[in-house]
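Quick notes on the structure that follows.
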Amino acid sequence: MATVKYASASPYVEQAPLHPSDHRQADYEARLQGPEAGQGNPKVKRIGLVLFGTGRQGFVHLGNIVGNPRVSLKYVIEADRTKWQATKENWNLENTTFLHPDDADKALSDQSVHAILVVTPTPTHCAIIDAGLSAGKHVFCEKPMAETEEGIRTCYAKADEVGRYLFCAFQRRFDPTFRDIFNRVRAGEIGKVQVIKASSRDSPLGPISYLKVSGGVFKDALVHDFDLLTWIVGELPTEVFVNGSNSFAEVAAIGDLDTTAVNFKFPSGAIAVIDHCRFAAYGYDQRIEIFGRTGMLSADNEQPNRAVLTSYTGRHTA
């Protein structure tokens, strides 16, 4: 009876707001009208989409597309015709039309298509972006958007000219943990930022055929870390130091680096250190630590499960 006085109303009587951990449900409800989730009319119409490319990253996006009830995948543009049937069957795309890039105009001229998603090799991005924007479609493009700064500026100028969205895929800004770190840093929770450390190690191993056309490790991989760190601290570095080496002869043979370390110094005095490798044998490794005057924020890797084993040998996690 000692704690009866602390009893509160039933959650069925006083509905509590969603906890931040329920971010998926919160995101879903934010897109719906009506007093309860799942009721009422959608605020946005179903989006007709064209997917350009079904490579490694293309299939990541494809999984998100087919799981989103607000998206209708109208077309898939893929140069390798031998992949068409298996992709159609594996992803249950019976109502999706597959086209070769030579016939992409058919998809772009379809008025039921509102946007295109570009997940093709980097050298093809600019031409696809220009074609999509010229056809009046919004464009989501994997990074890097182009091989040169001039190419990137040209793409955004085109988007401004035609009044369509052009979105470059820096997905870490939308990761709930990284966004929480951003919000707490900006709220001053750890005071002035002094040091940022990031570990960025990839898995699975990228095929050499992809690495050859990826634009290089800095444009293809480390650009995510550059974006994340500068976004969090809200400034661009004034000093940059880079070192790199090769542990994999195959990567060295194509003139790229597989292991790198990057140092930034920002105008505020903050220092950042990034270590990167093209492959981690223990799986995808993305960690960050922000050290400030009054505290520290850090994010560890997401695990496939959170089971904990406690036994004679100790405490073991996944």
GNM flexibility winner over the chain from Asp258, Asp103, Asp225 (Cα, springs under 10 Å)
Asp103
Kirkwood hydrodynamic radius for segment 131-173: how many Å is it when counted over pairs of different Cα atoms?
10.7 Å
With a 1.4 angstrom probe the carbon and sulfur portion of accessible area for the chain, in percent, totals 53 percent
Heavy-atom surface of segment 95-138, accessible at 1.4 Å and reported per residue (Å²)
44 Å²
On average, how much accessible surface per residue is there in segment 53-93, in Å², for a 1.4 Å probe, leaving out ligands, DNA and RNA?
54 Å²
Relative contact order (percent, whole number), segment 110-185, Cα cutoff 8 Å, 6+ residue spacing
28 percent
Amide H neighbours of Val195 at under 5 Å, excluding residues fewer than 5 places away on the same chain, with H built from the backbone geometry, are Ile271, Phe291
If I stretch the segment between Tyr6 and Lys197 completely, what's the gain in nm (0.36 nm per residue apart, minus their alpha carbon distance), one decimal?
64.5 nm
Loop-exposed chymotrypsin sites (Phe, Trp or Tyr not before Pro) per DSSP, neighbour cap 10 Cβ within 10 angstrom, longest uninterrupted part of the chain
13-281
Find the relative contact order for the chain and round it to a whole percent, using C-alpha pairs within less than 8 Å whose residues are 6+ positions apart.
12 percent
Mean-square fluctuation maximum in Gaussian network of the chain, Cα pairs under 10 Å, restricted to Ile274, Ile65, Ile196, hits Ile65
If one builds a Gaussian network model of the chain from Cα atoms under 10 Å apart, the most fluctuating residue listed among Ser200, Ser245, Ser209 is Ser209
Where only protein heavy atoms count, and the probe is 1.4 Å, what is the accessible area per residue for segment 217-313 in Å²?
56 Å²
Going by the alpha-carbon gyration tensor, a ≥ b ≥ c the square roots of its eigenvalues, is segment 152-251 rounded (a/c under 1.5) or, if a/c is not under 1.5, prolate (a/b greater than b/c) versus oblate?
oblate
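The values are calculated or read from the model by the stated rules, or taken from the named source; none is laboratory data. Predicted model only: the values in this text are computed from it and were never measured. Glycine gets a Cβ as well: all are built from the backbone with ideal geometry, and neighbour counts include every protein chain shown. Only protein heavy atoms, including side chains, enter the accessible area calculation; ligands, DNA and RNA are left aside. Shrake-Rupley method; radii C 1.70, N 1.55, O 1.52, S 1.80 Å.
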